[in-house]
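First up is the structure itself, then whatever we jot down about it.
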Amino acid sequence: MSATSLETASTTTAAKQSLFPARQSRIEHLRDRFHQIRKFSSALCVGLEPEDCVVQSMPDVSPTKWHLAHTTWFFETFILKKFVPGYRAEIPEYAYLFNSYYNAAGDMHRRDLRGLISRPTLSEAERYRASVDLHIDELLSNSDDSLLDEIEPILILGIHHEQQHQELLITDIKHVFAQNPLYPVFRGGRARHSVRAEDRTAAECSPYRFVDFEETVTAIGHAGDGFAYDNEGPRHQALIPAFSLATRPVTNGEYIAFIEDNGYSRPEFWLSLGWMTVKEQRWNAPLYWIKRDGTWWNFTLSGLRPVDQSEPVTHVSYFEADAYANWVGARLPTEFEWERAALDRPIEGNFVEDENFHPRALPISGDDRHLHQMFGDVWEWTRNAYSPYPGYRAAPGALGEYNGKFMCNQYVLRGGSCATSRTHIRRTYRNFFQPEKRWQFTGIRLARDPE
Ligand SMILES: [Fe+2]
């Protein structure tokens, strides 16, 4: 029973008094979650210098400072301005600078020019964060249950929104650092994963096999009380013909075999648009890979190092994932196949909380009957265009712009990555990017049809 229904069920003063702690604990819970997420954003920035936090290395990348301010703008715009009577923003111009794409919330600065904004400074952005945090804290502390009922769904959305930006903050600073010939180190990495790359070979990673799934009709999409984005519903029945799914993602070593078989110069494996992109961009390997003296190296958040053949390949586009699958005689899974296969898999894996900031090799276990690394490590491209589920309708108003308006020219990815929070991912979670994007931790899991 929720705190709200407890209170409405109470009639005597004594009962109400005894139930006061219920509201207090609800407020404490929300405040704790809010502050925990906000502090985690700050923790991710430990070690970054102000100069690091203002660079925009390409239009898709936002400066760290912008992420810190934009997530703050979200709470200010959708909670403080709505629920605090007479609330006045200390610096109204921030609404223009830090709105991302919410047309219903007003005009916004050009996305590709975010790196030109040296003022407000990083410390001013941090002051903005502290100010909004204080106001949110006060609002929550002074809210009764009916007001909390209104605020809570938006606060939870804001928390998940900030977790998305925490992932972007990591992938964006990686792209920024990758432009620097000195290859700065974001985090050193943990000792237990510091096996020298040259000491690891593909042989150390168990070969994948395919797990078979029978044809079935199953429910797809989110159900239940917990949070989910609107694009994960409505839950609906889907026919999923028999298929097989690989027990683990494709490794760097396996991907090198594709490169060495001239995969990047053989158009027969590529979608037309993918082939055009390969030619235009002169791709010959995943993003962040360079070849030195015949050896592949890749830039990681722990610096430049030789490619570890046993790690899942990452920073590949949909086009590369699809071409690799064609080369090996398989295909990418559909998002429904992925979700069905993930149903009985625990949500465990290498997430941002593990602070590896890089996908990890699958430990050799000998268990080749189950699917591994479905969650964490690398987002897995599916062959599904990102489109609405049957019956989907975006909510009215600015928050309805969160997902629905992007359902065009993008592909769905599943499972989360080493930059995703463990508390953010779900089996029904649908991430989406354009097929040529490579700067997220995106990887490949193979599927195939019955023999
Ligand atoms: Fe955002």
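The values are calculated or read from the model by the stated rules, or taken from the named source; none is laboratory data. Computed from a prediction, not measured in an experiment: that's the story for all the values here. Cβ: placed from backbone, ideal geometry, glycine included. Neighbour counts: every protein chain shown.
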Legend entry - Flag if Arg282 is among the basic types (Lys, Arg) and either crowded, with 22+ Cβ neighbours inside 10 Å or touching a residue at least 12 places away in the same chain (Cβ under 8 Å) (or both): no
Legend entry - Out of Ser5, Ser62, Ser41, sole residue that is among the hydroxyl-bearing types (Ser, Thr, Tyr) and modelled with pLDDT under 95: Ser5
Inset, instruction - Restricting attention to the stretch 258-303, report how many residues are touching a Lys or Arg at 6+ places or on another chain (Cβ under 9 Å) and among the aliphatic types (A, V, I, L, M). - result: 3
Legend entry - Single residue of His67, His35 found to be over 9 Å from Gly115 (Cα atoms), within 14 Å of the ligand (Cβ to nearest atom) and in a helix (DSSP H, G or I): His67
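Give me a count of the residues in the stretch 76-104 that are among the aromatic types (Phe, Trp, Tyr), within 16 Å of the ligand (Cβ to nearest atom) and farther than 13 Å from Tyr402 by Cβ.
Total meeting the criteria: 3.
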Legend entry - Among the candidates Asp225, Asp230, Asp212, residue that is modelled with pLDDT of 95 or more and surrounded by fewer than 17 Cβ atoms within 10 Å (Cβ to Cβ): Asp212
Inset, instruction - Tell me which residues, restricted to the stretch 38-60, are part of a loop (DSSP other than H, G, I, E, B) and either polar (S, T, N, Q) or within 14 Å of the ligand (Cβ to nearest atom) (or both). - result: Gln56, Ser57, Asp60
Inset, instruction - For the stretch 380-391, state whether one or more residues are under 14 Å from the mean Cα position of the chain (by Cα) and either assigned to a loop (DSSP other than H, G, I, E, B) or not small (Gly, Ala, Ser) (or both). - result: yes
Legend entry - Condition check for Lys82: basic (Lys, Arg), loosely packed, with under 13 Cβ neighbours inside 10 Å and assigned to a helix (DSSP H, G or I): yes
Inset, instruction - Run Lys65 past the list (1) farther than 17 Å from Glu353 by Cα; (2) surrounded by fewer than 18 Cβ atoms within 10 Å (Cβ to Cβ) and report the number of the one that doesn't hold. - result: (2)
Inset, instruction - For the stretch 408-421, indicate whether the set of residues that are hydrophobic (A, V, I, L, M, F, W, C), outside any loop (DSSP other than H, G, I, E, B) and surrounded by fewer than 22 Cβ atoms within 10 Å (Cβ to Cβ) is non-empty. - result: no
Inset, instruction - Could you please tell me which pairs satisfy a Cβ distance under 8 Å, a separation of 6+ or placement on different chains, a first residue in the stretch 63-74 that is closer than 15 Å to Ile91 by Cα, and a second residue that is more than 12 Å from the ligand (Cβ to nearest atom) and not in a helix (DSSP H, G or I)? - result: Ala69/Pro120
Legend entry - Of residues in the stretch 105-144 being of a type in the set (Lys, Arg) and surrounded by 15 or more Cβ atoms within 10 Å (Cβ to Cβ), the one farthest from the ligand (Cβ to nearest atom): Arg129
Inset, instruction - Search the stretch 145-179 for residues being of a type in the set (S, T, N, Q) and part of a helix (DSSP H, G or I), and hand back the single one that is farthest from the ligand (Cβ to nearest atom). - result: Ser146
Inset, instruction - Can you tell me which residue among Glu320, Glu339 is more than 26 Å from Tyr183 (Cβ to Cβ) and in a helix (DSSP H, G or I)? - result: Glu339
Inset, instruction - For the stretch 105-121, enumerate the residues that are in a loop (DSSP other than H, G, I, E, B), among the small types (Gly, Ala, Ser) and under 20 Å from Gly400 (Cα atoms). - result: Gly106
Legend entry - Close pairs from the stretch 155-181: first more than 27 Å from Tyr229 (Cα to Cα), partner of a type in the set (Asp, Glu) and away from the ligand (no atom under 16 Å from the Cβ), Cβ under 9 Å, at least 6 apart: Val176/Asp52; Phe177/Asp52
Inset, instruction - Confirm whether Glu254 is in a helix (DSSP H, G or I), under 17 Å from Thr314 (Cβ atoms) and modelled with pLDDT of 95 or more. - result: yes
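If you go through the stretch 32-47, how many residues are crowded, with 18+ Cβ neighbours inside 10 Å and of a type in the set (A, V, I, L, M)?
2
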Inset, instruction - Working carefully through the options Ile364, Ile347, find the one that is under 17 Å from the mean Cα position of the chain (by Cα), of a type in the set (A, V, I, L, M) and surrounded by fewer than 22 Cβ atoms within 10 Å (Cβ to Cβ). - result: Ile347
Inset, instruction - Quick one: in the stretch 304-332, of everything that is under 19 Å from the mean Cα position of the chain (by Cα) and of a type outside the set (S, T, N, Q), which residue is surrounded by the fewest Cβ atoms within 10 Å (Cβ to Cβ)? - result: Val316
Inset, instruction - Go through the stretch 392-406 and give me each residue that's surrounded by 16 or more Cβ atoms within 10 Å (Cβ to Cβ) and assigned to a loop (DSSP other than H, G, I, E, B). - result: Tyr392, Ala394, Tyr402, Asn403
Inset, instruction - Taking Thr121 as the residue in question, decide whether it is of a type in the set (S, T, N, Q), more than 23 Å from the chain's Cα centre (by Cα) and closer than 22 Å to Lys65 by Cβ. - result: yes
Legend entry - Residues of the stretch 234-251 that turn out to be of a type in the set (Val, Ile, Thr) and either at pLDDT below 95 or not in a loop (DSSP other than H, G, I, E, B) (or both), as a count: 2
